[in-house]
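What follows is a short report on a single structure.
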Amino acid sequence: ALERYLDQLMQAGHRVALAEQTSQPDGRTLVERRVTRVVTPGTVEEGALLAPGGHNWLVAVAPEARPGAEGESRWGLAACDVTTGELECMVVGAPALAGELARLSPRELLVPDAANAASDGALPEGAGETARRTGRPARQFAVAEAARVLREHYGVADVEGFGLRGMEPAVAAAGALLRYLEESWPEALRHLREPRVIAAHDHLELDPQTVRTLELFESPAGPDASLAAVLDRTRTGPGGRLLRARLARPVRDAAEATSRLDEVQAWVEAPLPRAALRRALRGLPDPERLLGRVRAGSAGPRQLAQLRAALGVLPEATEQARATGAAALEALAGDLAGAAEAHAALAAGLAEEPPAEPGDGSSLRAGFAPEVDELRALAEDARGALTALEAAERARTGLTALKVGYHRVFGYYLELPRSQAGRAPEEYEPRQTLAGAQRYRYPPLSELEDRILGARDRLAEAERAALERLCAQVAGCGAAVERAALALARLDVAAALAEVAAEHGYTRPLLRPAGPIAIEGGRHPVLERRMEPGAFVPNDTELGGGAPDVVVLTGPNMGGKSTYLRQTALVVLMAQAGSFVPADRAEIGMCDRVFTRVGASDELAAGRSTFMREMVETAEILRRATERSLVVLDEVGRGTSTGDGLAIARAVVEALHHRPGGTPRTLFATHYRELTALAGVLPRVANRSVAVAERSGEVVFLHRITEGASDRAYGVHVAALAGLPRAVVARARELLAQIEAGETPEGGAAWPHAESGDGASAQLALPVAAAPAERALAEAVAGLEPDELSPLEALQRLYELRAEARRGLGREG
């Protein structure tokens, strides 16, 4: 019942100490017991809390002692999955820490005690919100102490050999993590691999908001509505974990992503080998986690049998990989063959169907361990052993009446009738005299008695010792098993993505180190699955290169703007993760970051309104986006007044367009149709809109993206579709007609855009179609180069522009 109770206690937020008997009973003293392990959310190795296709990360974070040269504070991060032995280390800037923790989604987060308090070393806001936090002494995060722990554990003279030069915060985090494992589960350290350094610039950066917005791993619509759920057709635990890792960290390197696409294409073009491989992998035990238990000393006979079964499938996987004839899979097939030695050891040593515990049955094959065979024979056939000794003694001594007996006080004995007692050999020691017989103690019989009476206990001990030798033999092949498990995971992921691509008409994207994003017939990978076949309307996207860098997208609600924004980001992300994409054709210039600002939600607990959260996220995008980024913004500025919102929205578009390092490729959806005039002012801005058809007074959303700006918002039509009462909808149409005609409504209160008393428009907006004078003024402003003007020249030019503007408004003087 341990597993069930552990699950309940972990879910309740407890840490659980496991105490075990560590000495054998001798009948005279108490047996020794001690705490052998402390189970925490980050160190579970089995049970319902351990997702088969996901990592169970234990993460430690450490702040840099002093800010870097650029003044940005950095954090070291060490992530360990004790079930697989993986240990990742990286250093990230404070703004990126929350994103990295969102990718990992750790079950437990180790932080210095000071980081739990409001101080200079506190965790950045939003970092590791869902993880169980465990405070640790700050001294364990000291770089010198942490480096010592790492050196002693790995037996090296310097940690720089792991690629940790200049990564002191990561060293601090890794050392503190190892200290935690020393205290909670020392055996797990035997399974820990060497640290793998993760360079932040190698991967596509995704902030927590983007991960949520794109619904990469979770969706409010249900467990099957995330991107991971749609793409995850893997059949193995290592495959599922690798796929999620690739979606969480798509690569920036076009060559690496292309290599992954080669593997997928190999399976796409070989449907029969792909089907055979997937049949072979169905229900396969997890070799990575089973190897972890072998190394940690917690694997029983059943776990060894599962590992044998998993490794036994590798020859079939090798055969199918080579059957594709693809060079991209040849190296993986070779890695699979490396686990043959471990499989042979398990096949030779382990019984066909071993019991759960040693001693409960036959765990080992006959002949693998002679001492086990002998003890098992004694335990299973004690009577036969006694009969054999009796027959041997009769033949040796010639005493035909000799027999073996048992007394519950004296134990086993030899007995002779009085008529033959005088002929007893000297080695027979008299023990008991009866009226008609004499009983003797015989040393070989006493040894046999000891062996018989203790056979079961000794059998369990001997089996454990033999199993430990077998585990040591398998652990000695651990590196080869790790390589085979990784190769199996890559084959599994590639075959799964090929299966999805073949079923749903995905195509291979063309990846370039830089350049435009050009998607023809793009589709949303999740939404199209939830619709009838062929019902989803595909759309094209062109950003960068000869196309505009910024697209201002207008159109009605429910027209498909948000879907279009998300599907573009998802296609880019899938391509850089190494997947075929839902499109007729896709050319992707590799992105360094994907930023999204789609949807709205309050953060009441943090004292933030929808608008405040929107502004915080937009500010982060403007600070960090580069020419190679993809920026997806939806309805920026809608959370405040029309004038303020429009001003902010335009300023954001201008800031992205004028970015000194280059304009990010940007999709900007808005209801402010006044922003469409920017296409006539800013050279890298273009208008796109969602097509709408009106038939017999009814509005039909075509969900097709077309060139040009939308002429209407269609909000009243959407309100009618939403079921607003007919009288309300009719009244809204009347009022809309008045607004569009510039009339003053009943009651005399002016509409927000009506002429004010001094004749100036009260609405802070760009005209959709600027008058010639206004156009000239806008061109004059656009042609200014502030950096080339002296302060006096700039002031003089400002007076001139003001005079031109006043003449245009009829306000001379």
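Leaving out ligands and nucleic acids, note down the accessible area per residue over segment 321-421 with a 1.4 angstrom probe, in whole Å².
About 50 Å² of surface per residue is accessible.
Put one equal scatterer on each alpha carbon of segment 166-302, apply the Debye formula with no solvent term, and list log10 I(q)/I(0) at q = 0.13, 0.15 1/Å to two decimals.
-0.90, -1.15
Given axes a ≥ b ≥ c from the Cα gyration tensor, I'd like to know whether the chain is rounded (a/c under 1.5), prolate (a/b larger than b/c) or oblate.
Note, shape of the chain comes out prolate.
Got a number for carbon plus sulfur as a percent of the chain's accessible area, 1.4 Å probe?
Carbon-and-sulfur percentage of accessible area, whole number: 51.
What spacing in nm lies between the two simple spin-label points modelled at Glu427 and Glu3, each 7 Å away from Cα in the Cβ direction?
Rounded to a tenth, the inter-label distance reads 5.1 nm.
Normalised by the number of residues in the chain, what is the relative contact order in percent for Cα pairs under 8 Å and 6+ residues apart?
10 percent
Would you mind getting me the FRET efficiency between Ala144 and Ala388? Use the beta-carbon distance for r and R0 = 56 Å, nearest 0.05. Display every interim value, and only then the final one.
Details: r = 68 Å, r/R0 = 1.21.
E between Ala144 and Ala388, to the nearest 0.05, is 0.25.
Quick one: accessible area per residue over segment 148-297, 1.4 Å probe, rounded to a whole number of Å²?
Counting only protein heavy atoms, the per-residue value for segment 148-297 is 39 Å².
With every protein chain in place, what's the accessible area of Arg458 (1.4 Å probe, Å², nearest 10)?
80 Å²
Along the Cα→Cβ direction, 7 angstrom out, place labels at Ala323 and Ala737. What is the inter-label distance in nm?
Modelled inter-label distance: 7.2 nm.
Stretched out fully, how many nm does the piece from Ala401 to Glu788 gain, at 0.36 nm a residue minus the Cα gap?
126.8 nm
Any chance you could run the full-extension gain for Tyr799 through Glu654? It's 0.36 nm times the residue separation minus the Cα-Cα distance, nm to one decimal.
Using 0.36 nm per residue and subtracting the Cα-Cα distance, I get 49.9 nm.
Principal axis lengths of segment 181-222 from Cα atoms, whole Å, largest first?
41, 30, 14
Summing -39500 (n - 2.57) over the DSSP H runs of n ≥ 4 in the chain and dividing by its residue number, what mean residue ellipticity at 222 nm do you reach, to the nearest 500 deg cm²/dmol?
So the calculated ellipticity at 222 nm is -13500 deg cm²/dmol.
Given H placed on each backbone N at 1.01 Å, which residues far from Val197 in sequence or on other chains put an amide H within less than 5 Å of it?
Cys89
Applying 1/(1 + (r/R0)^6) with R0 = 22 Å to the Cβ-Cβ distance of Arg193 and Arg279, what FRET efficiency is obtained, to the nearest 0.05? Present the calculation step by step, with values, prior to reporting the outcome.
On the way: r = 31 Å, r/R0 = 1.41.
The pair Arg193/Arg279 has a calculated efficiency of 0.10.
Antiparallel as a % of all DSSP beta bridges within the chain, to the nearest 5?
60 percent
So what's the angle, to the nearest 10 degrees on a 0 to 90 scale, between helix 443-453 and the longest Cα principal axis of the chain?
The angle comes out near 30 degrees.
First check a/c for segment 506-597, with a ≥ b ≥ c the square roots of the eigenvalues of its C-alpha gyration tensor; if it is under 1.5, answer rounded, and if not, answer prolate when a/b is larger than b/c or oblate otherwise.
Taking the square roots of the gyration eigenvalues as a ≥ b ≥ c, segment 506-597 is oblate.
Quick one: grab the alpha carbon gyration tensor of segment 388-442, order the square roots of its eigenvalues as a ≥ b ≥ c, and give me rounded if a/c is under 1.5, else prolate or oblate depending on whether a/b is larger than b/c.
oblate
The values are calculated or read from the model by the stated rules, or taken from the named source; none is laboratory data. Only a predicted model underlies this, so the values are computations on that prediction, with no experimental measurement involved. All Cβ positions, even for glycine, are placed from backbone atoms using ideal geometry, and neighbour counts span all protein chains on display. SASA here: full protein model, heavy atoms, side chains in, ligands and nucleic acids out. Shrake-Rupley method; radii C 1.70, N 1.55, O 1.52, S 1.80 Å.
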